[in-house]
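The values are calculated or read from the model by the stated rules, or taken from the named source; none is laboratory data. Worth saying up front: this structure is predicted, and the values here are computed from it rather than measured. In this analysis, Cβ positions are derived from the backbone assuming ideal geometry, glycine residues included, and neighbour counts consider all displayed protein chains.
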Amino acid sequence: MHPDPLFHVADAVEWADALTAGRYERSTRGLSLAEVGFVHLSTAAQWPGVLERFYADHDGDLLLLTIDPTRLGDSELRWETGHPGSDELFPHLYGPLDVEAVTEVRALPR
């Protein structure tokens, strides 16, 4: 059985930088992997809410990265609560996202 894909909302400029570097090291809007400690990921059901809550006022172009969890390499994937008081689990990637793990990149409508 192939695991379900994971998703990440990315700024287009930051994704272009990742393609050059070979790895994506942003955590979430305005914060790096080094600052937070992990890359925020989402399931298919979760990413639209992430887009609405955290990127509604974002001025730049946004992309939806589709990620194959079997291609994550050495970075550890953990399922953790999104915020205190919630029981909803989100996938968090502890380490950089290898660009080879991204199977599709779609522009998100404004």
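In this structure, does LEU64 turn out to be surrounded by 17 or more Cβ atoms within 10 Å (Cβ to Cβ), modelled with pLDDT of 95 or more and under 12 Å from the mean Cα position of the chain (by Cα)?
On the way: surrounded by 17 or more Cβ atoms within 10 Å (Cβ to Cβ): yes; modelled with pLDDT of 95 or more: yes; under 12 Å from the mean Cα position of the chain (by Cα): yes.
Taking the combined requirement at face value, the residue satisfies it.
Do you know which residues across the stretch 70-84 are more than 21 Å from GLU14 (Cα to Cα) and not small (Gly, Ala, Ser)? Quick ask: steps written out before the conclusion?
Step one: list which residues in the stretch 70-84 are more than 21 Å from GLU14 (Cα to Cα), which gives 70, 74, 76-84.
Hits for the stretch 70-84 are THR70, ASP74, GLU76, LEU77, ARG78, TRP79, GLU80, THR81, HIS83, PRO84.
Tell me, yes or no, whether the stretch 50-67 has at least one residue that is touching a residue at least 24 places away in the same chain (Cβ under 8 Å), closer than 15 Å to HIS8 by Cα and in contact with a Gly (Cβ under 8 Å, 6 or more places away or on another chain).
No, every residue in the stretch 50-67 fails to be touching a residue at least 24 places away in the same chain (Cβ under 8 Å), closer than 15 Å to HIS8 by Cα and in contact with a Gly (Cβ under 8 Å, 6 or more places away or on another chain).
What is the residue count in the stretch 6-31 for residues that are in contact with an Asp or Glu (Cβ under 6 Å, 6 or more places away or on another chain) and not aliphatic (A, V, I, L, M)?
The number of residues fulfilling the criteria is 2.
When the residues of the stretch 70-81 are filtered to those that are farther than 18 Å from GLU25 by Cβ and not acidic (Asp, Glu), which remaining residue is surrounded by the most Cβ atoms within 10 Å (Cβ to Cβ)?
Of the residues in the stretch 70-81, the ones farther than 18 Å from GLU25 by Cβ are 70, 79-81.
With the extra rule that they be not acidic (Asp, Glu), the set shrinks to 70, 79, 81.
On the way: THR70: 9, TRP79: 10, THR81: 12.
So the residue we want is THR81.
Inspect all residues belonging to the stretch 91-98 and state whether any of them is under 14 Å from the mean Cα position of the chain (by Cα), within 19 Å of PHE38 (Cβ to Cβ), assigned to a helix (DSSP H, G or I) and modelled with pLDDT of 90 or more. Walk me through how you get there before you give the answer.
Step one: filter the stretch 91-98 for residues under 14 Å from the mean Cα position of the chain (by Cα), giving 91-98.
Checking the rest, the ones that are also within 19 Å of PHE38 (Cβ to Cβ) come to 91-98.
Remaining after also requiring assigned to a helix (DSSP H, G or I): none.
Within the stretch 91-98, none of the residues are under 14 Å from the mean Cα position of the chain (by Cα), within 19 Å of PHE38 (Cβ to Cβ), assigned to a helix (DSSP H, G or I) and modelled with pLDDT of 90 or more.
Going through GLY60, GLY82, GLY37, GLY49 one at a time, which residue ends up being on the phi > 0 side of the Ramachandran plot and either touching a Leu at 6+ places or on another chain (Cβ under 6 Å) or not acidic (Asp, Glu) (or both)? Don't jump to the end; show me each part of the working.
Values: GLY60 fails: on the phi > 0 side of the Ramachandran plot; GLY82 fails: on the phi > 0 side of the Ramachandran plot; GLY49 fails: on the phi > 0 side of the Ramachandran plot.
Sole residue among the options that is on the phi > 0 side of the Ramachandran plot and either touching a Leu at 6+ places or on another chain (Cβ under 6 Å) or not acidic (Asp, Glu) (or both): GLY37.
Report, by residue number, each residue of the stretch 41-70 that is of a type in the set (A, V, I, L, M), in contact with a Phe, Trp or Tyr (Cβ under 9 Å, 6 or more places away or on another chain) and assigned to a loop (DSSP other than H, G, I, E, B).
Those that are of a type in the set (A, V, I, L, M), in contact with a Phe, Trp or Tyr (Cβ under 9 Å, 6 or more places away or on another chain) and assigned to a loop (DSSP other than H, G, I, E, B): LEU41, ALA44.
Any residue at all in the stretch 29-40 that is farther than 21 Å from ASP74 by Cβ, assigned to a helix (DSSP H, G or I), of a type in the set (Asp, Glu) and free of Cβ contacts under 8 Å to residues at least 60 places away in the same chain?
The initial filter retains those residues of the stretch 29-40 that are farther than 21 Å from ASP74 by Cβ, namely 29-31.
Adding the requirement that they be assigned to a helix (DSSP H, G or I) leaves none.
No, because not a single residue in the stretch 29-40 is farther than 21 Å from ASP74 by Cβ, assigned to a helix (DSSP H, G or I), of a type in the set (Asp, Glu) and free of Cβ contacts under 8 Å to residues at least 60 places away in the same chain.
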